[in-house]
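Visitor: Got a structure here, written out as structure tokens. Questions coming.
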Amino acid sequence: MERALSGRPLAGRILVGRTEELGALRRLLAQRRLVTVVGGAGVGKSLLAAHAAAAVGGSLPDGVVRVRWWDGGPGRRRTVAQAVAEALDAAVEGTGAAVGVTDLVARLRSRRMLVVLDDFDPVRADCVHLVHALLDGAPGVRILAAGRHPLGLGDEAVLRLGPLALTPSGADGAELAPAVALFLERVRAARHRAASGGRQSPPPRGARCAG
Ligand SMILES: Nc1ncnc2c1ncn2[C@@H]1O[C@H](COP(=O)(O)OP(=O)(O)OP(=O)(O)O)[C@@H](O)[C@H]1O
Ligand SMILES: [Mg+2]
């Protein structure tokens, strides 16, 4: 299971560079139940988390669910527990019954899955409460969170993400610095869009994943 909050399968996005960070994140996810990717604005936390989730999701019987609070329409207010429940159901907006943290934990008690709490900063306190409850009451659930700062829970493994490197790392035989490669990828994507009359279409090349 790999779904966005809206219930649509997640669109593919290329991940440029980040080989080491992706490997480190996958290792952390194999070892720890709560892993948080932290770093500055726009540094690539959500994209890296999406790629890691896609990579490990196949090994979990109940797959991956990704939750983002700001999906679902402007001004729409939900609790974090409700957002997770809706993402699980891929529910149509407004039809889900109210779900509290206790209900959600009971529902996930026997699941073996990864819950991705993306961009949690605006609902941080709510998230801390839910994550704490899931760690206690749903032993097969793992959590991958992404935000500016750690959640601050005792069992949390933290991956700090810096900017893309400005020099080539030599990883995978890559000759270009990742930051340069990302710039070129964006130019290529912009050209592709322009050539296709501005319509949205899949990126021209590169590794694609949920994101
Ligand atoms: N390594 C990368 N490869 C390709 N695109 C990237 C990479 N890093 C970031 N981007 C692109 O840059 C933009 C910002 O990335 P992303 O949303 O993952 O950052 P973020 O750290 O989660 O941002 P925020 O702090 O706003 O939550 C997105 O369009 C993403 O696709
Ligand atoms: Mg983000």
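Visitor: Check which residues have an amide H placed less than 5 Å from Val158's amide H, if you skip close sequence neighbours.
Guide: Thr36
Visitor: Order these peptides, 18-29, 110-121, by their mean beta-carbon neighbour count within 10 angstrom, highest first. All intermediate terms of the calculation are to be shown ahead of the outcome.
Guide: Values: 18-29: 17.3, 110-121: 20.4.
Descending packing order for the listed peptides: 110-121, 18-29.
Visitor: Pop out the ³J(HN,Hα) list for the range 131-144 in order, Karplus 6.51 cos²θ - 1.76 cosθ + 1.60 with θ = phi - 60°, rounded to Hz; leave Gly and Pro as x.
Guide: 4, 4, 5, 5, 4, 6, x, 10, x, x, 8, 10, 10, 10
Visitor: For every other residue with a beta carbon closer than 12 angstrom to the beta carbon of Ser59, add +1 if it is Lys or Arg and -1 if Asp or Glu, then tell me the sum.
Guide: On the way: positive: Arg26, Arg112, Arg142; negative: Asp62.
My count for the surroundings of Ser59 gives +2.
Visitor: Follow-up question, since we're still on this one. What number comes out for the charge environment of Arg111, summing +1 per Lys or Arg and -1 per Asp or Glu over other residues with Cβ under 11 Å away?
Guide: Working: positive: Arg107, Arg109, Arg112, Arg142; negative: Asp62.
It works out to a net charge of +3.
Visitor: Related question: Can you list the residues, at least 5 places off or on another chain, whose amide H is less than 5 Å from the amide H of Val116, using H built in the peptide plane?
Guide: Residues meeting the amide H criterion: Val65, Arg66, Val67, Leu144.
Visitor: Report, by chain and number, residues whose modeled amide H sits under 5 Å from the one on Val141, excluding near sequence neighbours (fewer than 5 apart, same chain).
Guide: Met113
Visitor: ³J(HN,Hα) across the range 29-42 via Karplus (A = 6.51, B = -1.76, C = 1.60, θ = phi - 60°), whole Hz, x for Gly/Pro?
Guide: Per residue, the Karplus-derived 3J(HN,Hα) values read 5, 6, 9, 10, 8, 10, 10, 10, 8, 10, x, x, 4, x Hz.
Values quoted throughout were computed directly from the atomic coordinates according to the rules given, and no laboratory measurement underlies them. Since the model is a prediction, treat every value here as computed from it, not as a measurement. Every residue, glycine as well, gets a Cβ built from its backbone with ideal geometry; the counts of neighbours run over all protein chains shown.
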